[in-house]
Amino acid sequence: MKYLLISFLFFVHCSAQAAWHSRYESTMGTRVGVELWHDDEVQAERIMAEVMEEMTRINQTMSPYIESSELSEVNRQAADNPVAVSLELFALLSKAQRFSVLSEGAFDISFASVGYQYDYRAQQRPDKDALAAGAYRIDYRQVQLDPELQTVKFGRQGMRIDLGGIAKGHAVDLGIAVLQKHGVKHGLVNAGGDTRLLGDRRGRPWVVGVKDPRVEDKQAVLLPLVDEAISTSGDYERYFEEDGVRYHHILNPMTGDSAREVQSVTVLAPDSTTADALSTTVFVLGVERGLALVESMANVEAIIIDNQRKMHYSSDLAPPE
Ligand code: ADP
Ligand code: MG
């Protein structure tokens, strides 16, 4: 009997029990998470810890709120001198620049030249004069990147940059790279409105909801997805209202004021950096120009909920009439 019990315990301990594992934490000013299918719990925990470390590292490099971040250093120095940056930051700045060119300035990380004057929690915003004075500092063409020297220089005094529209997507892509490096076949990484799915949910698709922008805890659509990145930008994440006008965190670089043609944009793309940048971009562009941009790109789809709550789909997603 004793022998039997011991062999039974041995069997339980050794049998690889494949299972779903998940971990959620607060970092990068949002909730980030990782889920994966793995047959070894200890190893799964290690992989998830590595993903979280990667997120923390990226936050330390790219947060505008951390004084010692590389991004803060750029904001302090680049109006005076070219600032040499890491390859990772340089590559992301270059990507951001490409989305600016592609969208004729709708996506512009120098939105922060005015953006820093908003405090959504304290319900503060720049007044007319501050906007008029600040808007000329928003200009991606004045974020001068030198690929030889790997430096950034600002063309105007008072300019600032912020990667809030693209860095979470970048972090999610690097999180997925960690999963892939460890041979994970089914998993996801999520940071706020950005999620990337690796494989399927073991024979079934993942199902990702698009929030109703005006009804708490209600989904406007559910999307079955496999091996795809999805990003939602909404006007309900950080905002305040004043005289019936909503001031939120996605700014039109032409004016420095919040973009108000739509309430939410969801973009599907092969990677999260692209999905993240494009959801912010399409939000600024609005329905017509936004959908035109999406249709011009391969493997990119979008769902827009406009300011009348009407839904618009790119052609490959459109439900049958
Ligand atoms: P979140 O997931 O934080 O809601 P989004 O992808 O919706 O992020 O992007 C919003 C963030 O993008 C803002 O908080 C700000 O940091 C940044 N941003 C705002 N307007 C622009 C713009 N026109 N171009 C690039 N980035 C922007
Ligand atoms: Mg975005």
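The values are calculated or read from the model by the stated rules, or taken from the named source; none is laboratory data. Quick caveat: nothing in here was measured; it's all calculated off a predicted structure. Neighbour counts are summed over all protein chains in view; Cβ atoms, including those assigned to glycine, are modelled from backbone coordinates with ideal geometry.
Does Arg238 fit the bill of being among the charged types (D, E, K, R), under 17 Å from Glu104 (Cβ atoms) and within 16 Å of ligand 1 (Cβ to nearest atom)?
no
In region 213-234, which residues are away from ligand 2 (no atom under 16 Å from the Cβ) and in a strand (DSSP E or B)?
Answer for region 213-234, where residues must be away from ligand 2 (no atom under 16 Å from the Cβ) and in a strand (DSSP E or B): Gln219, Ala220, Val221, Leu222, Leu223, Pro224, Leu225.
Does at least one position in region 44-66 carry a residue that is among the hydrophobic types (A, V, I, L, M, F, W, C), modelled with pLDDT of 95 or more, within 23 Å of Ala229 (Cβ to Cβ) and more than 22 Å from the chain's Cα centre (by Cα)?
Looking through region 44-66, at least one residue is among the hydrophobic types (A, V, I, L, M, F, W, C), modelled with pLDDT of 95 or more, within 23 Å of Ala229 (Cβ to Cβ) and more than 22 Å from the chain's Cα centre (by Cα).
With respect to Glu237, determine if the residue is outside any loop (DSSP other than H, G, I, E, B) and charged (D, E, K, R).
Taking the combined requirement at face value, the residue does not satisfy it.
Anything in region 131-175 that is of a type in the set (A, V, I, L, M, F, W, C), surrounded by fewer than 22 Cβ atoms within 10 Å (Cβ to Cβ) and either part of a helix (DSSP H, G or I) or within 16 Å of ligand 2 (Cβ to nearest atom) (or both)? List them, or say none.
Matches in region 131-175: Leu131, Ala132, Ala133, Ala135, Leu174.
Residue check: is Arg204 part of a loop (DSSP other than H, G, I, E, B) and free of Cβ contacts under 8 Å to residues at least 60 places away in the same chain?
It is true that Arg204 is part of a loop (DSSP other than H, G, I, E, B) and free of Cβ contacts under 8 Å to residues at least 60 places away in the same chain.
Return a yes/no flag: does region 257-275 have any residue that is touching a strand residue (DSSP E or B) at 6+ places or on another chain (Cβ under 9 Å), away from ligand 1 (no atom under 14 Å from the Cβ) and of a type in the set (Gly, Ala, Ser).
For region 257-275, residues touching a strand residue (DSSP E or B) at 6+ places or on another chain (Cβ under 9 Å), away from ligand 1 (no atom under 14 Å from the Cβ) and of a type in the set (Gly, Ala, Ser): absent.
May I ask you to verify whether Ala302 is in contact with a Ser or Thr (Cβ under 7 Å, 6 or more places away or on another chain), within 16 Å of ligand 2 (Cβ to nearest atom) and of a type outside the set (Asp, Glu)?
So Ala302 passes the test.
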